[in-house]
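Every number in this text was worked out from the coordinates using simple rules, so none of it is lab data. Everything quoted here is computed from the prediction, not taken from an experiment. So basically every Cβ, Gly included, is an ideal-geometry build from the backbone, and we count neighbours across all protein chains shown.
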Amino acid sequence: KRVVVFISGGGSNMLALVKAASEPGFPAEIVAVISDKADAGGLAKAAPLGIATFAFVRKDFESKQAHEAAILTELDRLSPDIICLAGYMRLLSATFINAYEGRIINIHPSLLPLFPGLHTHQRAIDAGMTEAGCTVHFVTEGMDEGPVILQAKVPVLPGDTSEDLAARVLVEEHKSYPQALRLLAEGKVRMVDGKVVVADIQ
Ligand code: GRF
């Protein structure tokens, strides 16, 4: 399966996907990395690996629609089977999502439906949670609310700062995202009528 990864920042999750996809037998290849930031650190990490990189800078376009249209045109050329959002800090329109229905996944650093949105680790600490984690889910129109594919849990330890917790969760993100991509690429999970359907295990 052909995969395009969307980033806005450092791209550590993108790199985890690239590394996993380079293993023999992995059912997907990362064919390109797209960012909305020309200076996204992940672009500089992907390029030396021979992966096509593209920056579509929002301010270069007169509207969100024009920005997305430019990305969709490039995607028509890249022909991805799957799009992985990995630290992509922009909401996709319904038009965009519908163009790739059931084929866009995202990793979010909380145990959804708890703590959608930003600053998830500080919010979990402030709420006195004893566990936190990450979620890989299908992308739907609402933010961070699509059906869940995989979750991984970590303990919240006394005295944890948000940085401590973020680092602990990130380790799990780098394991969970490749696992979820494998399941989707192998057809073991898919989204039907907004729900995750698991193929009967052979
Ligand atoms: C991670 O916490 C990820 O869950 C969130 O953005 C953070 C940085 O991701 N989406 P990355 O290092 O850019 O992949």
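Key figures
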item: Hull-based mean projected area of the chain, where the convex hull spans the alpha carbons, in square nanometres; result: 11.7
item: Rounded D (µm²/s) - the range 1-114, Kirkwood Rh over Cα pairs, Stokes-Einstein at 20 °C, 1.002 mPa s; result: 149
item: Compactness index (Cα Rg / 2.2 N^0.38 Å), the range 1-44; result: 1.14
item: Calculated diffusion of the range 99-171, Stokes-Einstein form, Kirkwood radius summed over Cα pairs, 10 °C and 1.306 mPa s, µm²/s; result: 127
item: Hz values of 3J(HN,Hα) by residue in the range 92-102 - Karplus curve (6.51, -1.76, 1.60), Gly and Pro given as x; result: 8, 6, 4, 4, 5, 4, 5, 5, 10, 3, x
item: Cα lying deepest toward the dipole's positive end in the chain, options GLY194, LEU181, SER22, charges on Cβ; result: SER22
item: Karplus-derived 3J(HN,Hα), 6.51/-1.76/1.60, for each residue of the range 2-19, Hz, glycine and proline x; result: 8, 10, 10, 9, 9, 10, 10, x, x, x, 5, 5, 4, 5, 4, 5, 4, 5
item: Links that overshoot a 20 Å alpha carbon limit, given the list LYS19/LYS195; LYS1/LYS188; LYS19/LYS153; LYS153/LYS188; LYS37/LYS175; LYS1/LYS64; result: LYS19/LYS195; LYS19/LYS153; LYS153/LYS188; LYS37/LYS175; LYS1/LYS64
item: Relative contact order [Cα under 8 Å, 6+ residues apart], the chain, whole percent; result: 19
item: Full-stretch length increase - GLU163, ASP81 - with 0.36 nm per residue and alpha-carbon distance subtracted; result: 26.1 nm
item: Karplus-derived HN-Hα couplings along the range 115-132 (A = 6.51, B = -1.76, C = 1.60, θ = phi - 60°), whole Hz, x at Gly and Pro; result: 6, x, x, 9, 6, 5, 6, 4, 5, 5, 4, 4, 7, x, 5, 9, 9, 9
item: Amide proton proximity set for SER35, modelled H, under 5 Å, gap of 5+; result: ILE7, PHE54, ALA55, PHE56
item: Contour excess over end-to-end distance, with Cα ends at LEU49 and HIS119 and 0.36 nm allotted per residue; result: 22.1 nm
item: Pairwise centroid distance, computed over Cα atoms, of the range 151-183 with the range 34-77, Å; result: 27
item: Virtual spin-label span in nm between GLU23 and ARG190, 7 Å along Cα→Cβ; result: 2.4
